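Data block below; observations after.
The values are calculated or read from the model by the stated rules, or taken from the named source; none is laboratory data. These figures come from a predicted structure and were not determined experimentally. Positions of Cβ are backbone-derived with ideal geometry, glycine not excepted, and every protein chain shown enters the neighbour counts. Calculation scope for accessible area: heavy atoms of the full protein, side chains included, ligands and nucleic acids excluded. Shrake-Rupley method; radii C 1.70, N 1.55, O 1.52, S 1.80 Å.
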Amino acid sequence: MSTICPFCDSENVVKIDITERFSIPYSDDAVITHKTFRCNSCEEEGNFDHTLDRELNIAIKEANNASASKIIDELSNRGITMTYLEKALRLPFRTTARWKKGKISHSALALLRIIRSFPSLLHVADNNFSHEVVACYQLSHPFEFLAKNTSNPSISLTFDRDHIGINYTGSISSSSTPSIKQEMNWISEKC
């Protein structure tokens, strides 16, 4: 049975190889060559018989799994041992060893990416997500970013019995954000 073009109903359809680039966070882009269909009558391309998605998904999964090993190596180079990561997150022993070998779920990979982005969250987890540690984290980490990326800063603090209020204004710019004039307010529980 020949494949029919869903756009023009032509049977003048051939399989072709195409190469696509997929961005993999904290890893090299995945460059994947896979097959797709091309209609020689109307020049449309696509997965006309819905069989090619599986191949592409497998290739993307392999690239994602390989990125886990790179993230774990980078965390280790920053001084975060896998024993500490497992302890802080209450993971079973040798979980990160399995992850490094590519045996990792989508949710575990997302967790690794979050830890790679915000490694200080491990301290929050290691302290059992206590209210005080969470409040201190929320209060201190915006300042780290703002202190590095703000020109013309202005700050005011308000205190009452249960809250700390912070008003921080200035021109924020970093390599990842365009220069913008911004006012930011945080209200945090006692730290």
Taking first residues from region 30-46 that are modelled with pLDDT of 90 or more and second residues anywhere that are charged (D, E, K, R) and outside any strand (DSSP E or B), the pairs with Cβ under 8 Å that are 6 or more apart or on different chains are 37/49; 38/44
What number of residues within region 116-144 are at pLDDT 90 or above, of a type in the set (A, V, I, L, M, F, W, C) and not in a helix (DSSP H, G or I)?
-> 1
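Output yes when any residue across region 10-26 is among the aromatic types (Phe, Trp, Tyr) and either at positive phi or surrounded by fewer than 14 Cβ atoms within 10 Å (Cβ to Cβ) (or both), and no when none is.
For region 10-26, residues among the aromatic types (Phe, Trp, Tyr) and either at positive phi or surrounded by fewer than 14 Cβ atoms within 10 Å (Cβ to Cβ) (or both): present.
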Does residue 27 satisfy the condition of being touching a helix residue (DSSP H, G or I) at 6+ places or on another chain (Cβ under 7 Å) and either among the aromatic types (Phe, Trp, Tyr) or part of a loop (DSSP other than H, G, I, E, B) (or both)?
-> yes
Given the conditions (1) under 27 Å from residue 64 (Cα atoms); (2) open to solvent by 50 Å² or more (accessible area, probe 1.4 Å); (3) in contact with a helix residue (DSSP H, G or I) (Cβ under 7 Å, 6 or more places away or on another chain), every one holds for residue 127 apart from (1)
For region 37-44, indicate whether the set of residues that are surrounded by 15 or more Cβ atoms within 10 Å (Cβ to Cβ), within 32 Å of the chain's Cα centre (by Cα) and over 18 Å from residue 118 (Cβ atoms) is non-empty.
-> yes
Considering region 68-97 alone, what residues qualify as being part of a helix (DSSP H, G or I) and either more than 30 Å from residue 133 (Cα to Cα) or among the β-branched types (Val, Ile, Thr) (or both)?
-> 71, 72, 83, 95, 96
